[in-house]
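Scroll down for the structure; my scribbles are underneath it.
The values are calculated or read from the model by the stated rules, or taken from the named source; none is laboratory data. The structure displayed is predicted, hence computed values, not measured ones. Neighbour counts run over all protein chains shown; Cβ positions are idealised from the backbone, glycine included.
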DNA sequence: CTATATATTGATAATAGTTATCAATATCAA
DNA sequence: TTGATATTGATAACTATTATCAATATATAG
Ligand SMILES: [Mn+2]
Ligand SMILES: [Mn+2]
Ligand SMILES: [Zn+2]
Ligand SMILES: [Zn+2]
């Protein structure tokens, strides 16, 4: 039952595992080896990952872990704001870390699917102003710039 | 074969039907009563429409018109830029007129699904600048602000 | 006006990503 | 240790959309 080795004593700062465990407890959900492994493998990726890649890597480590559990766990991770979900490529979601990652929007090449991350403080400010103007409480936003990258333009 | 009554002589300005017919001819596609009816019924709606509403209204007028034809025709209308497709509500597309309609982005209430349209010239300008900075040729963008509207906040 | 090549149609099967169902099992607070 | 209940994996179901295909309609050339 001691599958949890992430509470080493020198760790003073809350990490993703602590946040996840706290969230689960708060919601009366349970800390399971499957949830731990999914978070571990998710964190081992850089940038944007899709379900397929996650599932593939999980299978290598534990072929018995079902895909339904992967979907379920990702949903919880999004709920507790450790993970952000995107749907850039129409119908197929991807995920990226959100914990201690600066907010950014995306530039997406429609040919090679490469993405570039950017921030623009003024745009963010104007978004808030627009919401105020119309009496909305802004919860989130989606801003994606679709174009063709330098590489793809050459071909 | 004379199902076309949209070429009245006093019509000097190109309308949606002319544009559509030209586009079809250009692509070696054919002008059919089904395509005409779909465009007519689409234009009879204001704002954003989904497939379901379109199909329902079409059925009233011609129950034999199949849903596949509706999907196919909408795709052509999007291709020829008479129509713009959105996927606000996750997995269910909606459509709106694009011909002679000013570009705008959307504020969306996540509770009642009401949308408000807005434009912000500076945001548009910054989007272009960002693309230039990263060597992208901007093709389109998606900007959706998700929030809670005044009405929904009261409840 | 034909005839002919080929685009279109409607019915329906297929697809893809995701969610629901359910009985067996695991977690965890008491 | 126990027991209430959350979780799991297998798989069926679901939803929006697309593909398939034989019958039919359109456009164009003769
Ligand atoms: Mn990102
Ligand atoms: Mn609109
Ligand atoms: Zn590219
Ligand atoms: Zn609302």
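Couple of notes before you dig in:
- No other residue among A:83, A:101 is within 16 Å of DNA strand D (Cβ to nearest atom) and at pLDDT 95 or above apart from A:83.
Residue by residue, here is whether (1) under 30 Å from residue B:125 (Cβ atoms); (2) under 16 Å from the mean Cα position of the chain (by Cα); (3) not in a loop (DSSP other than H, G, I, E, B) holds:
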| residue | (1), (2), (3) |
| --- | --- |
| A:55 | no, yes, yes |
| A:59 | no, no, yes |
| A:64 | no, no, no |
| A:68 | no, no, yes |
| A:81 | no, yes, no |
| A:85 | yes, yes, yes |
| A:90 | yes, no, no |
| A:102 | yes, yes, no |
| A:107 | yes, no, yes |
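- Lone qualifier among A:82, A:54, A:43, A:74 - being touching a strand residue (DSSP E or B) at 6+ places or on another chain (Cβ under 9 Å), in contact (Cβ under 8 Å) with a residue 60 or more places away in the chain, under 26 Å from residue A:25 (Cβ atoms) and more than 10 Å from every other protein chain (Cβ to nearest Cβ): A:82
- Residues of segment A:122-142 classified as over 18 Å from residue B:109 (Cβ atoms) and facing chain B (nearest Cβ under 7 Å), total: 3
- Of the criteria (1) assigned to a loop (DSSP other than H, G, I, E, B); (2) within 27 Å of residue B:153 (Cα to Cα), which one residue B:117 fails: (1)
- Hey, residue A:60 in contact with a strand residue (DSSP E or B) (Cβ under 8 Å, 6 or more places away or on another chain) and without any contact (Cβ under 8 Å) to a residue 24 or more places away in the chain or not: no
- Residue A:48 touching a residue at least 24 places away in the same chain (Cβ under 8 Å), away from chain B (no Cβ under 14 Å) and within 16 Å of ligand 3 (Cβ to nearest atom): yes
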